[in-house]
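Student: What follows is a single structure, and I will ask about it in a moment.
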Amino acid sequence: MDKPAKDAGSPQSSTQRAYLTLRKDIITGRIQPGERLKIDALKVTLDTGASPVREALSLLTSNQLVERLDQRGFRVTATSRAQFQEILNLRCNLEELALRDSLANADAAWEDALVLAHHRMGRSDRNDLETFELHHKTFHMALLAACESPILLRFCSQLHDLNVRYRYLASRSKSYSSRDVEAEHLAIFDAAVDRDTTAACASLIDHYRKTGAFLAEQID
C-alpha cells in the first residue's frame, strides 16, 4: 500500500482509511466470513463516498480477504478447513525460504530490530488481542526482514493476515490458551539470534503446525 496522502479529504486517504478499517474488521471477525459487503451500507459505516469504498474492496480482493461476485457486488471470503490447510502449508514453505535467506543476510541492525520486536511482543497484553497481534506480526516479519526477495516478503505478510482470521477463532478455544506460546517464540528467537538456521526453521514450522492443530479443531 502507498502511504496515505497528507490531505485527509483526498480520495487516496479516504480509500486508505476505508481499506484499513475493512481489513481490520474482516481479520478480527467483526465482519463475518461470507457476509455481503454492500456499497451503500459501507458508505454510511465508513462515512465516505462510493468510490473509496469500491477501491478499498478491490484492494481487499487482491489480498484474498474479499471476493467479487459477478454483477452482485462483494462479500467477505469464506473460511474453510481446505483454505486453512492451504494457508498453513504455504506459510511453512514460503517462510522457511524467507527465513533461510534472512539469516544468511542478517546483520547487527537486523538483530537489534528483532530483539526489540520480541521484547515488545513479550510485554504486550495477550488479553488485548488486537494490540498483541500487531506486535506478533512485527516479530514474525522482523525474523524475515533481511530476506532479499520483496515479492516473497509480500506473500509472507499476506499469508500472515489470512492466517490471523483463523487464529482469532482459535483464541476462543480453552485448549489454545493452554499452550506455552511464549516458549515457542523464545525458541525461534534464540535460534535466529544464534544464526542457527536449521533450529530456527524447525522451531518456526513447529510453532505453525501446533497453531494449525488447534485451529483445525475449530473449523467446520
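Student: Taking segment 153-171 only, how many residues are open to solvent by less than 20 Å² (accessible area, probe 1.4 Å) and hydroxyl-bearing (S, T, Y)?
Tutor: Here the count works out to 1.
Student: In segment 29-63, what residues are in contact with a helix residue (DSSP H, G or I) (Cβ under 6 Å, 6 or more places away or on another chain) and among the hydroxyl-bearing types (S, T, Y)?
Tutor: T48
Student: List, please: which pairs have Cβ atoms under 6 Å, are six or more places apart or on different chains, and start with a residue in segment 116-138 that is farther than 19 Å from R165 by Cα and end with one that is open to solvent by 70 Å² or more (accessible area, probe 1.4 Å)?
Tutor: A117/T138
Student: So which residues in segment 37-62 are open to solvent by 40 Å² or more (accessible area, probe 1.4 Å) and touching a residue at least 40 places away in the same chain (Cβ under 8 Å), if there are any at all?
Tutor: Correct list: S51, E55, L59.
Student: Here is a check on your reading of the model: is D107 more than 15 Å from H160 (Cβ to Cβ) and out of contact with any helix residue (DSSP H, G or I) (no Cβ under 9 Å at 6 or more places or on another chain)?
Tutor: Yes: the conditions hold for D107.
Student: Counting just the residues of segment 63-72 that are polar (S, T, N, Q) and under 26 Å from F214 (Cβ atoms), which one comes out surrounded by the fewest Cβ atoms within 10 Å (Cβ to Cβ)?
Tutor: At the first step, the residues of segment 63-72 found to be polar (S, T, N, Q) are 63-64, 71.
Pick out the ones that are also under 26 Å from F214 (Cβ atoms) and you get 63-64.
Details: N63: 18, Q64: 14.
Per the stated criteria, the residue is Q64.
Okay, residues lined up against (1) modelled with pLDDT of 95 or more; (2) outside any helix (DSSP H, G or I); (3) open to solvent by less than 50 Å² (accessible area, probe 1.4 Å):
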residue: F74; (1), (2), (3): no, yes, yes
residue: A82; (1), (2), (3): no, no, no
residue: L94; (1), (2), (3): yes, no, yes
residue: W110; (1), (2), (3): yes, no, yes
residue: A113; (1), (2), (3): yes, no, no
residue: R120; (1), (2), (3): yes, no, no
residue: L143; (1), (2), (3): yes, no, yes
residue: C147; (1), (2), (3): yes, yes, yes
residue: I151; (1), (2), (3): yes, no, no
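Student: So Q158 passes all but one of these: (1) modelled with pLDDT of 95 or more; (2) assigned to a helix (DSSP H, G or I). Which condition number does it fail?
Tutor: Condition not satisfied by Q158: (1).
Student: Would you confirm whether or not segment 183-193 contains a residue that is of a type in the set (V, I, T), open to solvent by 50 Å² or more (accessible area, probe 1.4 Å) and modelled with pLDDT of 95 or more?
Tutor: No, because not a single residue in segment 183-193 is of a type in the set (V, I, T), open to solvent by 50 Å² or more (accessible area, probe 1.4 Å) and modelled with pLDDT of 95 or more.
The values are calculated or read from the model by the stated rules, or taken from the named source; none is laboratory data. Note that this is a predicted model, so its numbers are computed, not measured. As a convention, Cβ positions derive from the backbone with ideal geometry for all residues, glycine included, and neighbour counts pool all protein chains shown. For accessibility, only protein heavy atoms count, side chains too; no ligands or nucleic acids. Shrake-Rupley method; radii C 1.70, N 1.55, O 1.52, S 1.80 Å.
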